[in-house]
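Okay, structure first, notes after.
The values are calculated or read from the model by the stated rules, or taken from the named source; none is laboratory data. Note that the structure is a prediction, hence the values are computed from the model and not measured. Note: ideal-geometry Cβ built from the backbone for every residue, glycine included; neighbour counts use all protein chains shown.
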Amino acid sequence: MSSVQIKRVETKKDLKDFIEFHYDLYEGNEYDAPNLYSDELNTLSRDKNAAFDFCEAEYFLALKEGKVVGRVAAIINNKANEKWEKKDVRFGWIDFIDDIEVSSALLKAVEDYGREKGMTSIVGPLGFTDMDPEGMLTWGFDRAWYDGNPLQLRLLSKAHG
């Protein structure tokens, strides 16, 4: 049985925890240049982000022993899926501790959400639209300009292709 619990973000406090996890995870990392809290809140809020006119999304937190250890957004861009004749669920805002069980649980949450909504494939990391920051580092982890968690991305790439 997994020691990781997945919690759907449902309250303002949950959303605050979702946003703040990035700051906690990368605290002290001199190469991290986090987004402003207010920008993240506006982007992730259904009443402030115009992308919700054509997107659906759910956010998930991973917890171990009651502590947040990961996060991910599951996004369906209906307009893009219609235009490109796809049934994609996107994952974005993915951050987690160095633990394959956590990354697996987060991606499974996205897969399950997509499946519930009739999607047939998972793609990412992507935002709501192509105007959102996106991408994944696959090499150059030793470079000073890298601002993420190298173990995180290596684990994702290795475990999930």
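Rundown of residues vs (1) assigned to a helix (DSSP H, G or I); (2) under 13 Å from the mean Cα position of the chain (by Cα); (3) β-branched (Val, Ile, Thr); (4) surrounded by 14 or more Cβ atoms within 10 Å (Cβ to Cβ), yes/no style:
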position	(1), (2), (3), (4)
Leu63	no, no, no, yes
Val72	no, yes, yes, yes
Asp95	no, yes, no, yes
Leu107	yes, yes, no, yes
Val110	yes, yes, yes, yes
Met119	no, no, no, yes
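Return yes when Asn29 is among the polar types (S, T, N, Q) and in a helix (DSSP H, G or I) and no when it is not.
So Asn29 does not fit the description; no.
Quick check: anything in the stretch 32-48 closer than 22 Å to Lys117 by Cα, touching a Phe, Trp or Tyr at 6+ places or on another chain (Cβ under 9 Å) and surrounded by fewer than 14 Cβ atoms within 10 Å (Cβ to Cβ)?
The answer is yes, given that some residue of the stretch 32-48 is closer than 22 Å to Lys117 by Cα, touching a Phe, Trp or Tyr at 6+ places or on another chain (Cβ under 9 Å) and surrounded by fewer than 14 Cβ atoms within 10 Å (Cβ to Cβ).
Working only within the stretch 122-142, note down all residues that are over 15 Å from the mean Cα position of the chain (by Cα) and modelled with pLDDT of 95 or more.
none
Of all residues in the stretch 74-91, which are touching a residue at least 40 places away in the same chain (Cβ under 8 Å) and crowded, with 23+ Cβ neighbours inside 10 Å?
Answer for the stretch 74-91, where residues must be touching a residue at least 40 places away in the same chain (Cβ under 8 Å) and crowded, with 23+ Cβ neighbours inside 10 Å: Ala74, Ile75, Asn77.
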